[in-house]
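Take a look at the structure below.
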Amino acid sequence: MLILSAPSGAGKTSLARELVARRPDAALAVSHTTRAQRAGETDGIDYHFVDCAKFDEMAAAGCFIEHANVFGNQYGTSLEAVEALFARGKHAILEIDWQGARAVRRRFPHAQSVFVMPPSLETLEQRLKSRRQDADEVIAGRMRAARDEIRHNNEYDHIIVNDCFESALCRLESVLPPPPK
């Protein structure tokens, strides 16, 4: 299991997707979320989009190995999703925040964890603005959250600065054991 965390805009999702494209022995554990589906996202591929009642029901039933409220929306990784990947012989990659990472490490102490850092806070802010997904006040909130999230990077096994995508990807790939021959 590979835990991958980063502040919003640091490149975590892009790195995870490219890692999966390069490594047939790895796959993303698709999380559940209560946030609205964005244009271009597919239910069951990007996230399992559920309403608050369904999410709460799943959390109460113990379906999640981790779940957290992030920017006013619930996110959670189901044990079923992770076990399905393991059953297929895959490394399970979890894109989760630091709170979720703590919970997963308690339950799976052998999981590897990687925190992806932006080259600077200025670069992070520019990346968030260039996505043109969020209003200025949302970006300001994400920047405040980023400062808090970065304070938790010392809890991870590896820290990768995403200053050059290809270099960051190579460093991330080196964390996984080599694919079977």
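The values are calculated or read from the model by the stated rules, or taken from the named source; none is laboratory data. Here the structure is a predicted model, which is why all the values come from computation and not from measurement. Counting neighbours? That spans all protein chains shown, and the Cβs are built from the backbone with ideal geometry, glycine included.
When we screen Leu176, Leu124 for residues that are surrounded by 15 or more Cβ atoms within 10 Å (Cβ to Cβ) and within 22 Å of Arg102 (Cβ to Cβ), the only hit is Leu176.
Scanning the range 109-120 for any residue that is surrounded by 11 or more Cβ atoms within 10 Å (Cβ to Cβ), without any contact (Cβ under 8 Å) to a residue 40 or more places away in the chain and assigned to a helix (DSSP H, G or I) turns up nothing.
Of the strands (runs of 3 or more DSSP E) that lie entirely inside the range 1-86, those containing 2 or more residues that are modelled with pLDDT of 95 or more, of a type in the set (A, V, I, L, M) and closer than 30 Å to Arg147 by Cβ span 2-5.
Restricting attention to the range 133-156 and to residues that are surrounded by fewer than 15 Cβ atoms within 10 Å (Cβ to Cβ) and in contact with a helix residue (DSSP H, G or I) (Cβ under 8 Å, 6 or more places away or on another chain), the residue that is nearest to Ala6 (Cα to Cα) turns out to be Arg147. When the range 147-167 is limited to residues that are in contact with a Ser or Thr (Cβ under 9 Å, 6 or more places away or on another chain), in contact (Cβ under 8 Å) with a residue 60 or more places away in the chain and part of a helix (DSSP H, G or I), the one that is farthest from Leu15 (Cα to Cα) turns out to be Glu149. Of all residues in the range 135-149, those satisfying the criterion of being farther than 11 Å from Phe71 by Cβ and of a type outside the set (D, E, K, R) are Ala135, Ile139, Ala140, Met143, Ala146.
Taking Arg144 as the residue in question, decide whether it is modelled with pLDDT of 95 or more and of a type outside the set (S, T, N, Q). Spelling it out, it is not the case that Arg144 is modelled with pLDDT of 95 or more and of a type outside the set (S, T, N, Q). Each residue in the range 149-169 was checked for being over 18 Å from the mean Cα position of the chain (by Cα) and of a type in the set (A, V, I, L, M, F, W, C), and 1 of them qualify.
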